[in-house]
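Visitor: After the structure tokens below, expect a handful of questions from me.
The values are calculated or read from the model by the stated rules, or taken from the named source; none is laboratory data. The structure displayed is predicted, hence computed values, not measured ones. Every residue, glycine among them, receives a Cβ derived from its backbone with ideal geometry; neighbour counts consider all protein chains shown.
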Amino acid sequence: MAYTEQQFIEHVREAFASSRDARLQAQTIADRLRELFATGWPLSSEKLGKENGTYLIHADTERGHPDPGFMVMAYRQGPKKAAPPSPHDHGACFVVYGVAAGSNLQTRYRWTYGEDSTQPPVLEKTQDILQKPGDAAYFLPGEIHSTQGSTEEETIYVRVTSQDLDGAWRHRYHLGDNKTTVFRSATQPQTPV
Ligand SMILES: [Fe+2]
């Protein structure tokens, strides 16, 4: 029998229950998510609507990282206007991002410090990953990334957040002037977070 949404959620719960290692948890979840995508999910899910929007697949009350409350959400969005990147982190949480249709360009950044420690660091782009259908990738606690959905076609993507990000303090990073701002929201910045 094909791998099901319910089995996936049980496996995510087990990943949190069996380890406190965020990297290992994220790897396990991403591996399972690829397996679930291979079955045609989330298009096969009764929880995914036909309209553009955010669809809650599962909100857990017992498991998560670092505190309970992991969430599985599916998103359906039309072609997305190319927007300036909005780098952000997920605080002490991690996020697994997967794509089922269309694409998501994921960009990673890091602070680069010079030898002279009196000088401020510069936020530099380190990697672009173009996520295509069936792909899943994770961003660990503190990692900085930005996302750009396909500008040409509908994108259906999934996020597993290790807690409800509405309750998590995290940061947004401004390229160019190296400013950082702190915020607490699951939906800001407006580009897919
Ligand atoms: Fe994000």
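Visitor: Taking the condition within 26 Å of T180 (Cα to Cα), among the aromatic types (F, W, Y) and within 15 Å of the ligand (Cβ to nearest atom), does Y109 pass? Reasoning before the result, please.
Guide: On the way: within 26 Å of T180 (Cα to Cα): yes; among the aromatic types (F, W, Y): yes; within 15 Å of the ligand (Cβ to nearest atom): yes.
So Y109 passes the test.
Visitor: Taking Y173, is it buried (at least 21 other Cβ atoms within 10 Å of the Cβ), among the aromatic types (F, W, Y) and out of contact with any helix residue (DSSP H, G or I) (no Cβ under 6 Å at 6 or more places or on another chain)?
Guide: Working: buried (at least 21 other Cβ atoms within 10 Å of the Cβ): no; among the aromatic types (F, W, Y): yes; out of contact with any helix residue (DSSP H, G or I) (no Cβ under 6 Å at 6 or more places or on another chain): yes.
When the stated conditions are applied, Y173 does not pass them.
Visitor: Right, next: Might you let me know whether region 131-154 holds any residue that is more than 15 Å from the ligand (Cβ to nearest atom), closer than 24 Å to E35 by Cα, in contact with a Lys or Arg (Cβ under 6 Å, 6 or more places away or on another chain) and in contact (Cβ under 8 Å) with a residue 12 or more places away in the chain?
Guide: For region 131-154, residues more than 15 Å from the ligand (Cβ to nearest atom), closer than 24 Å to E35 by Cα, in contact with a Lys or Arg (Cβ under 6 Å, 6 or more places away or on another chain) and in contact (Cβ under 8 Å) with a residue 12 or more places away in the chain: absent.
Visitor: Next question. Out of A100, A92, I need the residue that is buried (at least 16 other Cβ atoms within 10 Å of the Cβ) and within 16 Å of the ligand (Cβ to nearest atom). Which one?
Guide: A92
Visitor: Kindly indicate whether S185 is free of Cβ contacts under 8 Å to residues at least 40 places away in the same chain, within 16 Å of the ligand (Cβ to nearest atom) and closer than 30 Å to A17 by Cα. Step through it out loud before you land on a result.
Guide: On the way: free of Cβ contacts under 8 Å to residues at least 40 places away in the same chain: yes; within 16 Å of the ligand (Cβ to nearest atom): yes; closer than 30 Å to A17 by Cα: yes.
Answer is yes for this residue.
Visitor: Which one of these is outside any helix (DSSP H, G or I) and either more than 19 Å from A100 (Cα to Cα) or basic (K, R) (or both): H11, H58, H65? Steps first, please.
Guide: Numbers: H11 fails: outside any helix (DSSP H, G or I); H58 fails: either more than 19 Å from A100 (Cα to Cα) or basic (K, R) (or both).
Answer to the check: H65.
Visitor: Here is a follow-up. Among the residues in region 175-189, are any of a type in the set (F, W, Y), at pLDDT below 95, touching a His at 6+ places or on another chain (Cβ under 8 Å) and part of a strand (DSSP E or B)? Show your work before the answer.
Guide: Of all residues in region 175-189, those of a type in the set (F, W, Y) come to 183.
In the following step, the residues that additionally are at pLDDT below 95 were identified as 183.
Cutting the leftovers down to touching a His at 6+ places or on another chain (Cβ under 8 Å) gives us 183.
When the remaining residues are screened for being part of a strand (DSSP E or B), the result is 183.
Checked region 175-189: at least one residue is of a type in the set (F, W, Y), at pLDDT below 95, touching a His at 6+ places or on another chain (Cβ under 8 Å) and part of a strand (DSSP E or B).
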